[in-house]
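Enquirer: Quick one: this structure, given as structure tokens, is what I'll be asking you about.
The values are calculated or read from the model by the stated rules, or taken from the named source; none is laboratory data. These numbers come from a predicted model, not from an experiment. With ideal geometry, Cβ positions are generated from the backbone for all residues, glycine too; neighbour counts draw on all protein chains shown.
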Amino acid sequence: MNIRTAKLIILLFAGSCAAIAGSLFKEHMEYKEAVVASPFLSEVRKLSDYSDAVKGSVNDANVYIFNGPTPGGTVVLLGGTHPEEPVANLSAQIFTENVHPVQGRVIVINRINTSASMATRMGEAYPRFYHISTPWGVKKWRYGDRLATPLHSWPDPEVYVHYPSGQNLAYMDVRNANRTWPGRHDGLLCERTNYALMELIRKEKADIVMDFHEAELEYAVENTIVVHEKGQSVAAMASMMLTSQTFDVPIGMEFSPKALHGLSHREVGDHSDAVSYLVEVAEPMLDRIRGITDEELLMSGKDRFVMKAGEYKLLYSPIDESGWPVEKRTARHVATLMTILQVNNMLAPEKTIILEGIPDYREITENGLGAFFQNPDEAPQERVFYD
Amino acid sequence: MTMFHHSLFVLIFIVAAFAAGKKLSLNTENSMLLSAVTGLVAHIFLPKGVDPRSVLPFAEAIRHLVEGAFTYFDVCLIFMTATFFMALYKEAGGVAFIVRRIVINFHNRRSVCLLLLVLVMMIPGAITGSGATTVLTVGSLVGSVLLAMDVPANKRVALIFLLAAMSAACPPINLWAMMAAAGANMPYVGFARPLGLLSVTGALFAAFWLAGKGKPVDMHKALSTLPEVPEGWNWRRAGAPFLVLAALVLAGRAFPYSFPVLGLPLIFMISALAVFVISPSRLPLFRVAQHTVKILLGLVSIMVVVGVLIQVMTLSGVRGLLSLAVVTLPLSVLFFTLWMILPISEGMLQYAVAPLFGVPLIMLFNMKGLDPVVSLAAWSVMWPLGDCLPPTAVVGRAAVMELDFEGDYYRGFVKTALPVMAFILLLSTLFMVYSKEISQVIGG
């Protein structure tokens with residue numbers, strides 16, 4: 001075999017690999033997640049209805065609005081800020097598909113950074129999708145990156161200078177939807193997305209904004225509610241109630257640092273009348289010391305390497321043989337939001353928000369998540385949407 | 001078989017395949033690719049322990065290989081464009097002009113001459129984060145001056161390597177710190193002072209230790225070995241491209257909300273255009289671009305293959321196993337061994353060590369109450385010192401090649417560099433151990 005033949009064979013092999021991978025990347029990017037909105041849906045708007053900053057962009061998300069029959073407060077739920085944290089959009093979607101507002105309003109966005117959900121994080125060997133068994137079949141979601149993909153937001157600046165604080169952040173954080181609050185109309189993709197979200201929060205006169213997240217067990221901000229100082233009493237009481245009555249692993253409460261800019265718990269509270277909350281739950285898939293990386297780890301949250309690190313007291317969250325299954329993680333987020341609303345109703349009765357139809361912690365952990373997602377093939381088509 | 005055994009066996013397969021590749025005279029890049037593919041196959045077929053695991057279809061396995069290859073795509077773009085800029089500047093005669101001027105003006109002041117040579121060496125690496133770029137753009141010219149200063153061959157190549165390593169560590173662009181900070185979700189902010197302090201101290205120590213003593217520069221000898229400068233060069237012309245570069249970088253910082261985001265690759269290309277415009281002679285753009293790609297092919301290939309290898313290691317749990325092995329060492333043991341672990345691992349994996357060890361170490365040091373910024377800065381100065389070590393030895397090999405060094409690689413060049421390396425490693429270790437106190441003094 002001469003060198004030219006060898007080169008041709010290598011080229012063909014590399015081309016075949018690229019073609020196979022390319023078709024999978026395309027499938028990932030084009031897959032649309034079905035959402036069956038609850039029968040109490042009032043309307044679905046686009047994020048660009050609030051600001052043209054995202055019009056025509058991949059992050060022009062569906063905004064699901066549920067108005068209760070009785071006036072009250074307004075809560076905005078943000079899912080999918082970091083699509084490598086699947087419980088964030090699952091928790092939001094639990095509300096989208098099940099909520100029955102009795103008083104007040106709920107506004108849900110399942111994925112605020114759709115771009116980041118359209119490709120996984122290079123070098124992390126993530127699966128492209130994750131699946132949940134339901135009584136009617138298997139439901140599938142895109143798994144993604146922490147940051148918007150460079151295919152939609154490139155190039156990055158040499159250093160990202162946060163608006164309006166002027167704080168310097170790592171260059172890639174300009175693609176991080178939780179570093180670009182309160183956003184900028186003429187900025188890059190995530191800055192524009194967060195600007196539009198701030199417009200939504202202000203125009204809809206939101207009282208509470210909840211941003212769902214997950215974190216590695218090695219990370220100090222773990223199993224906690226991070227809150228703007230405006231919501232300290234509500235968060236403190238919710239944390240105590242959940243820890244004493246509901247959760248096996250306590251949930252803490254932390255104040256949003258005033259000097260750390262770009263995060264929802266700081267900027268939403270500073271730039272609107274809303275009280276901003278961010279909740280974290282343990283996700284072993286995010287730990288760099290994890291073992292085999294696959295969908296099983298993502299969903300079960302079981303990892304023996306992370307457990308070993310726990311034996312050496314290197315973690316901020318406990319972990320044992322039962323891991324941190326996706327049901328438990330989602331149930332914590334759903335229960336946390338419901339408890340925050342409950343406490344807020346007591347402290348600010350004029351802003352009461354009463355939601356029914358939402359499964360409680362025990363129901364989710366015992367029945368699994370699949371029980372709370374509806375079949376898009378059998379649902380009335382006017383209630384089926386795609387994120 | 002447990003998951004620990006699985007990952008350990010995959011690691012053994014990876015190492016064995018790499019060794020076999022080298023034995024079969026494959027180059028480092030191809031040996032690494034072979035080891036990555038072998039690791040992937042081993043991961044697919046070896047038992048994975050008692051816990052349930054997801055099936056990995058063939059197409060997904062291929063997807064991991066391709067996806068991993070793009071992990072450092074942005075870094076490769078920066079390498080290519082920055083090196084093209086410096087190569088064009090060199091081709092235009094800019095580098096020769098500066099070096100000749102240094103020799104003419106300061107030949108009888110050895111210390112000043114050395115200081116200016118250090119400055120010339122530090123700039124390319126500081127703005128690109130690549131020691132190889134430093135060596136490939138200014139290494140041979142600075143080497144010529146060192147020859148004229150009567151610096152022996154071993155010391156010359158050692159000094160070029162060490163200055164290149166320190167230039168890569170020097171802010172504003174330190175790729176190890178950037179990659180590890182990004183992996184730990186930590187802003188790349190506050191690194192300039194500790195990185196600057198360590199890298200500049202290291203570079204100055206290297207320069208004066210290896211070339212500080214000797215007779216004054218033989219100006220005529222030095223000038224005769226340096227390329228002639230085309231007619232028309234002056235300081236204004238020489239400074240213009242760097243002024244453009246600095247202006248574009250600073251404009252992004254000074255007017256972040258009104259100046260368009262150009263990105264470093266485009267900034268370097270605009271700066272290259274400035275070189276083309278100010279050059280007194282017509283430049284062969286295409287030939288320089290071709291040459292740039294040619295000289296960077298090895299480095300870029302390594303970055304591509306390291307991405308593949310890291311993806312496979314992450315997929316199979318090997319990355320976790322190695323990270324866990326490091327972070328479960330007692331802190332005192334880490335203090336005493338990181339100076340060795342980091343350069344050796346750099347020699348094996350290049351930039352991939354930053355996310356591999358850097359991220360869990362950041363988490364660990366943060367938990368133990370040490371300052372993660374100063375600590376990471378210290379590691380990020382230790383890592384590039386491993387660039388003369390096998391199997392990759394990218395910068396070391398480049399230095400040897402550029403200086404036409406014919407002596408023994410280890411007993412000549414590496415042995416000569418060892419005392420300086422030891423000093424830099426000791427200094428960095430002290431920064432790491434006293435990171436908390438140092439951060440209070442210099443700000444971390």
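Enquirer: Can you say whether A:PRO71 is in a loop (DSSP other than H, G, I, E, B), out of contact with any Phe, Trp or Tyr (no Cβ under 6 Å at 6 or more places or on another chain) and farther than 20 Å from A:ALA116 by Cα, as far as the supplied structure shows? Steps first, please.
Expert: Details: in a loop (DSSP other than H, G, I, E, B): no; out of contact with any Phe, Trp or Tyr (no Cβ under 6 Å at 6 or more places or on another chain): yes; farther than 20 Å from A:ALA116 by Cα: yes.
For A:PRO71, the condition - in a loop (DSSP other than H, G, I, E, B), out of contact with any Phe, Trp or Tyr (no Cβ under 6 Å at 6 or more places or on another chain) and farther than 20 Å from A:ALA116 by Cα - is not met.
Enquirer: Check A:VAL226, A:VAL221 and return the single one that is surrounded by fewer than 18 Cβ atoms within 10 Å (Cβ to Cβ), more than 9 Å from chain B (Cβ to nearest Cβ), in contact (Cβ under 8 Å) with a residue 40 or more places away in the chain and β-branched (Val, Ile, Thr).
Expert: Working: A:VAL226 fails: surrounded by fewer than 18 Cβ atoms within 10 Å (Cβ to Cβ).
Checking each option against the conditions leaves just A:VAL221.
Enquirer: Identify, by number, the condition in (1) assigned to a helix (DSSP H, G or I); (2) at pLDDT below 95; (3) touching a Ser or Thr at 6+ places or on another chain (Cβ under 7 Å); (4) under 28 Å from B:LEU266 (Cα atoms) that B:ILE173 doesn't meet.
Expert: (1)
Enquirer: Another question about this same structure. Looking only at residues in segment A:256-311 that are assigned to a loop (DSSP other than H, G, I, E, B), within 12 Å of chain B (Cβ to nearest Cβ) and charged (D, E, K, R), which one is farthest from B:VAL327 (Cα to Cα)?
Expert: A:ASP294
Enquirer: So in segment A:252-274, with the set limited to residues that are within 18 Å of the chain's Cα centre (by Cα) and not acidic (Asp, Glu), which one is nearest to A:TYR163 (Cα to Cα)? Lay out the reasoning, then the answer.
Expert: Step one: of segment A:252-274, the residues within 18 Å of the chain's Cα centre (by Cα) are A:262-268.
Then keep just the ones that are not acidic (Asp, Glu); that gives A:262-266, A:268.
On the way: A:GLY262: 8, A:LEU263: 12, A:SER264: 13, A:HIS265: 16, A:ARG266: 13, A:VAL268: 13 Å.
Ranking the qualifying residues of segment A:252-274, first place goes to A:GLY262.
Enquirer: Which pairs have Cβ atoms under 6 Å, sit 6 or more apart or on different chains, and link a residue in segment A:12-27 that is under 17 Å from A:TYR126 (Cβ atoms) to one that is β-branched (Val, Ile, Thr)?
Expert: That search, which allows pairs on different chains as well, returns A:ALA21/B:ILE62; A:ALA21/B:VAL66.
Enquirer: Another question about this same structure. When you scan segment B:278-288, do you find a residue that is basic (Lys, Arg) and at pLDDT below 90, even just one? Reasoning before the result, please.
Expert: In the first step, residues of segment B:278-288 are kept if they are basic (Lys, Arg); the result is B:282, B:287.
Next, only the ones that are at pLDDT below 90 stay: none.
No, segment B:278-288 contains no residue that is basic (Lys, Arg) and at pLDDT below 90.
Enquirer: Let me ask another. Need a quick list: helices (runs of 4 or more DSSP H) entirely within segment B:352-444 having at least 3 residues that are over 16 Å from B:LEU338 (Cα atoms). Outline the logic, then answer.
Expert: Values: elements: B:359-367, B:372-382, B:394-402, B:415-433, B:435-442.
Those helices (runs of 4 or more DSSP H) span B:394-402, B:415-433, B:435-442.
Enquirer: Looking only at helices (runs of 4 or more DSSP H) that lie completely in segment B:182-269, which have at least 2 residues being closer than 30 Å to A:PRO155 by Cα and under 23 Å from the mean Cα position of the chain (by Cα)? Spell out the reasoning first.
Expert: Details: elements: B:192-211, B:219-225, B:235-254.
Filter on segment B:182-269 gives B:192-211, B:235-254.
Enquirer: Then there's this: Only one of these is closer than 30 Å to A:MET346 by Cα, out of contact with any helix residue (DSSP H, G or I) (no Cβ under 7 Å at 6 or more places or on another chain) and of a type in the set (Asp, Glu): A:GLU33, A:GLU27, A:GLU43. Name it. Before you say what the answer is, go through the steps one by one.
Expert: Numbers: A:GLU33 fails: closer than 30 Å to A:MET346 by Cα; A:GLU27 fails: closer than 30 Å to A:MET346 by Cα.
Residue meeting the stated conditions: A:GLU43.
Condition check ((1) closer than 19 Å to A:GLY262 by Cα; (2) modelled with pLDDT under 95; (3) within 14 Å of chain B (Cβ to nearest Cβ); (4) surrounded by fewer than 23 Cβ atoms within 10 Å (Cβ to Cβ)) across all residues:
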{"residue": "A:PRO150", "(1), (2), (3), (4)": "no, no, yes, yes"}
{"residue": "A:GLY183", "(1), (2), (3), (4)": "yes, no, yes, no"}
{"residue": "A:GLY187", "(1), (2), (3), (4)": "yes, no, yes, yes"}
{"residue": "A:CYS190", "(1), (2), (3), (4)": "yes, no, yes, no"}
{"residue": "A:LYS205", "(1), (2), (3), (4)": "no, no, no, yes"}
{"residue": "A:MET237", "(1), (2), (3), (4)": "no, no, no, yes"}
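Enquirer: Among the residues of segment A:290-324, write down those that are closer than 13 Å to B:LEU315 by Cα and in contact (Cβ under 8 Å) with a residue 60 or more places away in the chain.
Expert: A:THR293, A:ASP294, A:GLU295, A:LEU298, listed by residue number.
Enquirer: Right, something else. Tell me yes or no: at least one residue of segment A:42-57 is within 24 Å of A:GLY370 (Cα to Cα) and part of a strand (DSSP E or B).
Expert: yes
Enquirer: I've got another one for you. Kindly indicate the residue of segment B:293-322 that is touching an Asp or Glu at 6+ places or on another chain (Cβ under 9 Å) and hydroxyl-bearing (Ser, Thr, Tyr) and also farthest from the other protein chains (Cβ to nearest Cβ) among those meeting that condition.
Expert: B:SER301
Enquirer: Also, I was wondering about something else. Of the residues that make up segment B:51-61, is at least one assigned to a helix (DSSP H, G or I) and either away from chain A (no Cβ under 14 Å) or of a type in the set (Gly, Ala, Ser) (or both)?
Expert: Step one: filter segment B:51-61 for residues assigned to a helix (DSSP H, G or I), giving B:58-61.
After this cut, where a residue has to be either away from chain A (no Cβ under 14 Å) or of a type in the set (Gly, Ala, Ser) (or both) as well, the list is B:59, B:61.
Checked against the condition, which is being assigned to a helix (DSSP H, G or I) and either away from chain A (no Cβ under 14 Å) or of a type in the set (Gly, Ala, Ser) (or both), segment B:51-61 yields at least one hit.
Enquirer: In addition: Right, B:LEU283: farther than 30 Å from A:LEU189 by Cα and free of Cβ contacts under 8 Å to residues at least 12 places away in the same chain or not? First the steps, then the outcome.
Expert: Details: farther than 30 Å from A:LEU189 by Cα: yes; free of Cβ contacts under 8 Å to residues at least 12 places away in the same chain: no.
No, not satisfied.
Enquirer: Looking only at segment A:95-146, filter to residues that are within 14 Å of another protein chain (Cβ to nearest Cβ) and free of Cβ contacts under 8 Å to residues at least 40 places away in the same chain; which one of those is nearest to B:ASP74 (Cα to Cα)?
Expert: Once the filter is applied, the top-ranked residue is A:MET122.
Enquirer: Considering only segment B:340-362, I want to know if a residue exists there that is among the small types (Gly, Ala, Ser) and over 21 Å from the mean Cα position of the chain (by Cα). Spell out how you get there, then give the answer.
Expert: Let us first name the residues in segment B:340-362 that are among the small types (Gly, Ala, Ser), namely B:345, B:347, B:352, B:354, B:358.
Narrowing the set further to residues that are over 21 Å from the mean Cα position of the chain (by Cα) leaves none.
Within segment B:340-362, not a single residue is among the small types (Gly, Ala, Ser) and over 21 Å from the mean Cα position of the chain (by Cα).
Residue-wise test of (1) under 25 Å from A:TYR126 (Cα atoms); (2) modelled with pLDDT under 90.
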residue	(1), (2)
B:LEU40	yes, no
B:HIS43	yes, no
B:ILE62	yes, no
B:GLY68	yes, no
B:ALA82	no, yes
B:MET86	no, yes
B:ILE98	no, yes
B:ARG110	no, yes
B:LEU114	no, no
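Enquirer: Could you identify the single residue in B:MET382, B:MET340, B:MET348, B:MET363 that is at pLDDT 85 or above and surrounded by fewer than 24 Cβ atoms within 10 Å (Cβ to Cβ)?
Expert: Numbers: B:MET382 fails: surrounded by fewer than 24 Cβ atoms within 10 Å (Cβ to Cβ); B:MET348 fails: at pLDDT 85 or above; B:MET363 fails: surrounded by fewer than 24 Cβ atoms within 10 Å (Cβ to Cβ).
Only one candidate passes the filter, namely B:MET340.
Enquirer: Additional query: Is it the case that segment A:127-139 has a residue that's in a loop (DSSP other than H, G, I, E, B) and in contact with a Lys or Arg (Cβ under 8 Å, 6 or more places away or on another chain)?
Expert: Going residue by residue through segment A:127-139, those that are in a loop (DSSP other than H, G, I, E, B) are A:127-128, A:135-136.
Still in the list and also in contact with a Lys or Arg (Cβ under 8 Å, 6 or more places away or on another chain): A:128.
The answer is yes; a qualifying residue exists.
Enquirer: Let me ask you something else. Please verify whether B:GLY317 is more than 17 Å from the chain's Cα centre (by Cα) and either touching a residue at least 24 places away in the same chain (Cβ under 8 Å) or under 28 Å from B:ALA42 (Cα atoms) (or both), treating the condition exactly as stated. Walk me through it before giving the result.
Expert: Working: more than 17 Å from the chain's Cα centre (by Cα): yes; either touching a residue at least 24 places away in the same chain (Cβ under 8 Å) or under 28 Å from B:ALA42 (Cα atoms) (or both): yes.
Taking the combined requirement at face value, the residue satisfies it.
Enquirer: Next question, about the same structure. Which residues, counting only those in segment B:1-56, are polar (S, T, N, Q) and surrounded by 21 or more Cβ atoms within 10 Å (Cβ to Cβ)? Walk me through how you get there before you give the answer.
Expert: Step one: list which residues in segment B:1-56 are polar (S, T, N, Q), which gives B:2, B:7, B:25, B:27-28, B:30-31, B:35, B:38, B:54.
Listed by number, the residues that qualify are B:SER7, B:THR28, B:SER31, B:SER35.
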